Amino acid sequence: MKCDRVIPLLNRFQDGECHPETASAINDHLKRCDRCRREFLRIDQIISEIQEIKAVTPSSHFTARVMGNLPVQKPAHRIPAPAFIYSAVFILFFVLGLLVTVPLNTVKQMENREITLVELLMKSQNLNHFDTHQRAIDLIRTGGQHEE
Amino acid sequence: MLSDDEVIQAVRDGNTRHFEIIVNRYKTPILNFVYRMISDYEEAENLTQDVFLKIFKNLNRYKKENNFQAYIFTIARNMTINTLKKRKRMVAISRLFSGDRDEEFFHHHPDIHSRMEKKDREQQLTKAINGLKENQKIALVLKVYLEFSYKKIAEVTGWSIPKIETLISRAKSQLKTTLLLQENDSRNVKKVREK
């Protein structure tokens, strides 16, 4: 490898970011080439000195201070159900409601119809005294035929 | 040992005490990153605390498929940049009224020079790093102090790898030039004092 190819790669090489084969080739070149070696060592020395600057450490009560300043946590969120689940539940209840109320209304309507028919029948059959309402309904159901 | 994601889930489930694991795990590297950027220990510690508070408050925003280390350093980086911007504004305002007092300070405190000689090299290096452009400094600090790979730096900063490589390369060149100038200055100052 020649100097003009090595020099642009020195930075990457120094950062340990070269492909192993490239790093090996650069290493071999640096062993032979004084100029490139001097350039590399100059930067390497600066970086090593920077790395030797003592790391700072947090104070002994750092963690306690952080934990003490944490806001009070809200209760864990319930995972919100997707909107379609809510819609499906609503539709289900709506349909069930219809299924229950419509027949009830129908029965009531039928009863009301029966009551009206009973009145008509009573008038037509001249039935003034029925013991029970049910006799009149039976009459309607049997088509007006009753046994006296 | 619980992974970062396991700890986060525990905290989300209401076990706040688990957050202590995150704090103990990352307090030193975060503090070192922030300190190298702003060069003031007390301020760096306060800012590091704020970083953890912000992380705690926004835990629900963190997605499990992301890298938590990159996430935490991204927050630290953004908060550090905001602090540096505020500081620049304050320095600019104070200099309007008082001027640069560094030289005056050293003139009235000759002892400082002798103390500096002991830590001369370290201060030279720190000053040289502080003289870098912001992005160069971030890239260099993450690479040199925290030994992040280019890929990890890319995750933290959102920069491309070629950009990171260029920033670090320019930072090193700048350091080389600055330190050479500083060394020459130091030699000249010594010569003057010896006379």
Of the residues in segment B:164-195, those that are more than 21 Å from B:Asp120 (Cβ to Cβ) and at pLDDT below 70 come to none
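Is it the case, given these coordinates, that A:Pro75 is at pLDDT below 90 and loosely packed, with under 10 Cβ neighbours inside 10 Å? If you could, list the steps in order and put the result at the bottom.
On the way: at pLDDT below 90: yes; loosely packed, with under 10 Cβ neighbours inside 10 Å: yes.
Here the answer is yes, as A:Pro75 does meet what is asked.
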Picking from B:Thr48, B:Thr126, which residue would you name as being at pLDDT below 90, hydroxyl-bearing (Ser, Thr, Tyr), surrounded by 14 or more Cβ atoms within 10 Å (Cβ to Cβ) and within 22 Å of B:Glu147 (Cβ to Cβ)?
B:Thr126
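For segment B:47-69, what are the residues that are in contact (Cβ under 8 Å) with a residue 40 or more places away in the chain, assigned to a helix (DSSP H, G or I) and away from every other protein chain (no Cβ under 11 Å)? Write out each step before concluding.
Taking segment B:47-69 as the starting set, the residues that turn out to be in contact (Cβ under 8 Å) with a residue 40 or more places away in the chain are B:56, B:59-60, B:62, B:64, B:67-69.
With assigned to a helix (DSSP H, G or I) added as a condition, the list becomes B:56, B:59-60, B:68-69.
B:Phe68, B:Gln69, listed by residue number.
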Any residue that is at pLDDT below 95, assigned to a helix (DSSP H, G or I) and within 14 Å of chain A (Cβ to nearest Cβ) - is there at least one of those in segment B:79-90?
no
Show the residue pairs meeting these rules: Cβ distance below 7 Å; 6+ apart or different chains; first residue within segment B:144-163 and under 12 Å from A:Asp15 (Cα atoms); second residue among the acidic types (Asp, Glu) and part of a helix (DSSP H, G or I).
B:Tyr150/B:Glu165
Where residues in segment B:34-45 are within 10 Å of chain A (Cβ to nearest Cβ) and hydrophobic (A, V, I, L, M, F, W, C), which of them is surrounded by the fewest Cβ atoms within 10 Å (Cβ to Cβ)?
B:Ala44
Based on what the data block shows, is A:Pro8 within 14 Å of chain B (Cβ to nearest Cβ) and part of a loop (DSSP other than H, G, I, E, B)?
no
So which residues in segment A:11-58 are of a type in the set (A, V, I, L, M, F, W, C), in a helix (DSSP H, G or I), facing chain B (nearest Cβ under 9 Å) and in contact with a Phe, Trp or Tyr (Cβ under 7 Å, 6 or more places away or on another chain), if there are any at all?
none
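The values are calculated or read from the model by the stated rules, or taken from the named source; none is laboratory data. Model, not experiment: these values are computed from the prediction. Cβ coordinates were reconstructed from backbone atoms using ideal geometry, including for glycine residues, and neighbour counts include every protein chain displayed.
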